[in-house]
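The values are calculated or read from the model by the stated rules, or taken from the named source; none is laboratory data. This is a predicted model, so every value here is computed, not measured. Quick reminder, even Gly has a Cβ in these numbers, built from the backbone with ideal geometry, and neighbours come from all protein chains shown.
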């Protein structure tokens, strides 16, 4: 894939990531845990299977899943469970900080840790190549931006009255929201580890004629299933409790 196409696809994904929470503003009578889990059924269960069925050669998805090593499937699901904690607390960060501040901090940290941790743990020297150096510089700029956004949020919080805070975000809580957003960003980086763990699944998918552009789709089924399990347990607990 050429870089321009890659950037365009990233832009499309960014629009989706930035706007998925907006429809929840119209939900008035449901508790957070109810509508969060409802969107999760579609996002983490239905869509991964749908996309895999569309982009994997017809009739090959189930053979790919059955032939893939059990260790790869379980490990991908395990990292998905860890990522689920990130996704879950990401939703909570939006609950306490609002969409703009919560997304900026959580997604920024997710991008930073998700980019740097896998090669560092694999023992790669990021400073040995021009690409690695530029990546570190880009992540550093991202982290600097997150610090500025967090500081701006704290200043805004000090200037607003409690009534204004509640009007902007119903359950606004700056300190709690910042801590949750930082945790969400770190745990969300486990998604990349899920991809690393799912490489044996990708190899089987390629052997069955899957287009290399869509070779990760079978792995996504297991990563997102793990994330769904985390959210199902927590949201189910809250629904029973409340």
For this session: Go over the candidates 82, 50, 74 one by one and state the one that is in contact with a helix residue (DSSP H, G or I) (Cβ under 7 Å, 6 or more places away or on another chain) and either within 22 Å of residue 227 (Cα to Cα) or at pLDDT 90 or above (or both).
Result: 82
Exercise. Taking helices (runs of 4 or more DSSP H) that do not extend beyond segment 5-111, which have at least 2 residues that are exposed (fewer than 13 other Cβ atoms within 10 Å of the Cβ) and out of contact with any strand residue (DSSP E or B) (no Cβ under 7 Å at 6 or more places or on another chain)?
Worked result: 47-55, 61-67, 70-97
Exercise. What are the pairs, 6+ residues apart or on separate chains, where a residue within segment 227-242 that is surrounded by 13 or more Cβ atoms within 10 Å (Cβ to Cβ) has its Cβ under 9 Å from a residue that is not in a helix (DSSP H, G or I)?
Worked result: 238/31
For this session: Mind counting the residues in segment 123-137 that are closer than 26 Å to residue 183 by Cβ and touching a residue at least 12 places away in the same chain (Cβ under 8 Å)?
Result: 2
Exercise. Residues in segment 123-131: is at least one on the phi > 0 side of the Ramachandran plot and modelled with pLDDT of 75 or more?
Worked result: yes
